[in-house]
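S.K.: Okay, handing you the structure first.
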Amino acid sequence: MSRNSALFLIGVAVVVALGFLMPWVLKNPFYFFAGYVVLQYVTIATGWNILGGYAGYINFGAAGFFGAGVYLSAFLFTTFGLPLPLCILAAAVFGAILGVLMGYLTLRIQGVYFAIATLGLVVVLETIVHNISALGGASGMAVYGPRPPSWSPGPSQYNFTVMLVIAAVSVALARFVEISWIGRGLRAVRASEDAAECSGVPTLRLKLLACALSGAVLAAAGAPYPFYTSFVEPVTAFSLIIGLNAIAMPLIGGTKSWAGPVLGALLLASVQQIATVTISSELNILFVGLVLIAFVAFAPGGIADLFGRRQGRARS
Amino acid sequence: MSDIVLSMKGVEKVFGAFRALGPVDLDLRAGERLGIIGPNGSGKTTLINCITGVYRPDKGSVHFEGRDISHIEAHRRARLGISRSFQIPRPFTGMTVLENLLVPLDYCHVDGSREERARSVLSSVGLAGRVSDPSESLSQLELRKLELARALVGNPKVLIADEAMAGLSEEEIDEVLAILLALNRSGVAVIMIEHIMHAVMRFSERIVCFETGRLIASGTSTEIAENPLVQKVYFGE
């Protein structure tokens, strides 16, 4: 293992350890309630970036995968009483399968056509859920989550730590993809698909792998959501706001590296949470839209790229 | 003939009502230097795309080392040993020069250390000083060299250089020619598609000329220069 990888894993372990200790320091459960959303978006942005950032395939269907994870987890828990870790695992596997299916149907088209096709996935899945009475149909379903274990002071703190572990695993997975042959192949695909293919890169198989990994992370991000809200309905589970944030956060943070989506999600989701409490929940979307326009126009490489360029100038 | 490495029989490619190529019969011997000339739109790049697998031929077959590869994907053909550079350089942007060469090494089997192999190839094309630079920062000549280096790094048996000298000065053309000749001396068959006639004449043992998707002439550089069909294509009646 390289020195950088060892440092990264130590960093992740420290963050997770601090997350587990936080409930004993911060007593107000609201911080954990808001922190859950921030970590959820760290996971979503990280998952989206595996396909959208590394391979350059802009996926508007993040909400479809997230919603699939939400509903599968809610169904497995309420029907079979499956423990939360198994619900998360099942959602990840289902997300991966959904990703491969979506990939097979859409990966031969590129650019805006691919984006529109992925948007269709959200509409299709939402319509299916609307028509399944076992999932509560349009009116939704109540989910009374498991009792938090004794080491956790309450449900908000427990949900927060669960989401922290999911986010940490997702970020570690994204970094592994980035520095491995998978990431190099995906970046080659992003630069020139023909040149990548003629260099020996199995582009279709690699893109399907990216779809599967991205889908797994996005669905896993949705798995604990029913226990966080105690109620799920199609409109919120498949909300286009999730899809918008999934794209905006990596673009704002930077899509080239695992750090970009994390940075973008931490900044944007935190500001959204603060704006929700202090100004208005509706203004969130306006804020996201304005920031996204500003970054696309003035810093298309995102915060990580701006920071990198400044460091480069300082060195020279 | 047993030394034929690449063989095309009746290869045709049609786009809608437009026949871009064929039918074409063409063989390449192991270690041969073959030049392909012809005006724009004569089907040269379509032929290359059919050989490398970017396009599947509508009719006919492509054999490599006796194996029918007409229906296998481009990445498998690259792994078998058919490599190419592109008419317009296509560097893997967002990567360093070294990383550009690590991509084929990740997927094509090469003995020994991958990084050492990449550095050695970069050194052989004169890019040793640019190893850690982003590929976006390279000049036109350096981009051409990077294209060639990326095509060479996987130890190909056939290299197809698609207008590798377009837009270069005379000295730069000599540099690229020297790289291709050195590669050929190591046993690699090279197909050179080129509009720069003196370069293709100097380089090629055999030249074939295409017009409107058909092979109209084949011979040595002297035979091609004196061929009335080739003269008609380039100079008119």
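Coordinate-derived values only; no laboratory data. What you see is a predicted model, and the numbers here were worked out from it, not measured in a lab. Methodologically, a virtual Cβ is constructed for each residue, glycine included, from the backbone with ideal geometry; neighbour enumeration extends over all protein chains shown.
S.K.: Which pairs in the list B:LYS9/B:LYS157; B:LYS13/B:LYS232; B:LYS9/B:LYS232 are over 28 Å apart, alpha-carbon to alpha-carbon?
M.R.: Flagged as over cut-off: nothing, all pairs pass.
S.K.: Relative contact order (percent) for the stretch A:48-238, with alpha-carbon contacts under 8 angstrom and 6 or more residues of separation?
M.R.: 46 percent
S.K.: Of B:ILE51, B:SER135, B:MET165, which is farthest on the positive side of the dipole of chain B, counting Cα position, with +1 on Lys and Arg Cβ, -1 on Asp and Glu Cβ, and the Cα centre as origin?
M.R.: Toward the positive end, the furthest listed residue is B:ILE51.
S.K.: Take each uninterrupted DSSP H stretch in chain A, measure its Cα extent along the helix axis, and return the ones at 18 Å or beyond whose mean Kyte-Doolittle hydropathy is at least -1.0.
M.R.: Sorted by number, the helices that extend far enough and score high enough are A:3-21, A:29-49, A:62-80, A:84-106, A:111-130, A:155-179, A:203-222, A:240-253, A:259-278, A:283-298, A:302-315.
S.K.: Tell me the angle of helix B:97-107 to the major Cα principal axis of chain B, expressed in degrees between 0 and 90 and rounded to the nearest ten.
M.R.: 70 degrees
S.K.: Measuring from a point 7 Å past the Cα of A:TRP24 along Cα-to-C-beta, which residues in the stretch A:144-171 have an amide N at less than 17 Å?
M.R.: A:149-154, A:157-158, A:161-162
S.K.: Rounded to the nearest whole Å³, what is the per residue volume of the convex hull around the Cα atoms of the protein assembly as shown?
M.R.: 185 Å³
S.K.: Which lysines, on any chain, are close to A:LYS256 with Cα under 21 Å apart, when same-chain ones fewer than 8 places away are left out?
M.R.: A:LYS207
S.K.: With +1 on the Cβ of every Lys and Arg and -1 on the Cβ of every Asp and Glu, and nothing else charged, how large is the dipole of chain A about its Cα centre, in debye rounded to the nearest 20?
M.R.: 880 debye
S.K.: Roughly how many debye, to the nearest 20, is the charge dipole of the stretch B:194-236 about its Cα centre, given +1 on each Lys and Arg Cβ, -1 on each Asp and Glu Cβ, and no other charges?
M.R.: About 60 debye.
S.K.: Where in the stretch A:197-222 does the amide nitrogen come within less than 20 Å of the point 7 Å from the Cα of A:TYR104, taken along Cα to Cβ?
M.R.: Counting backbone N atoms under 20 Å from the label point, the list is A:202-217, A:219.
S.K.: Put a dot 7 Å past each Cα toward the Cβ at A:ILE274 and B:SER123; how far apart are the dots in nm?
M.R.: 5.4 nm
S.K.: Return the Cα extents of the stretch A:48-238 along principal axes one, two and three, sorted largest first, each rounded to a whole Å.
M.R.: Rounded to whole Å, the extents work out to 54, 38, 22 Å.
S.K.: Turning to a different aspect of this structure: Take B:THR93, project a point 7 Å from its Cα along the Cβ direction, then tell me which residues of the stretch A:174-195 have their backbone nitrogen under 11 Å from it.
M.R.: A:191-192
S.K.: To the nearest 0.05, what FRET efficiency results for B:VAL110 and B:PHE15 with a Förster distance of 35 Å applied to their C-beta separation?
M.R.: For B:VAL110 and B:PHE15, the calculated efficiency is 0.45.
S.K.: List the aspartates and glutamates whose Cα lies under 14 Å from the Cα of B:LYS44, skipping any in the same chain that are fewer than 8 positions away.
M.R.: Output for B:LYS44: B:GLU12, B:ASP25, B:ASP162, B:GLU163, B:GLU194, B:GLU211.
S.K.: Hey, another quick one. In percent, how large is the relative contact order of chain B, given Cα pairs closer than 8 Å and 6 or more residues apart?
M.R.: Relative CO of chain B lands at 27 percent.
S.K.: Counting DSSP beta bridges with both partners in the protein assembly as shown, what percentage is antiparallel, nearest 5?
M.R.: Rounded to the nearest five, the antiparallel share is 60 percent.
S.K.: Given a Förster distance of 45 angstrom, what is the FRET efficiency for A:ASP194 paired with A:ALA138, based on the Cβ-Cβ distance and rounded to 0.05?
M.R.: Efficiency, from the Cβ-Cβ distance: 0.50.
S.K.: Equivalent-ellipsoid semi-axes (√(5λ), Cα gyration tensor) for the stretch A:45-157, whole Å, largest first?
M.R.: Whole-Å semi-axes of the equivalent ellipsoid: 30, 18, 11.
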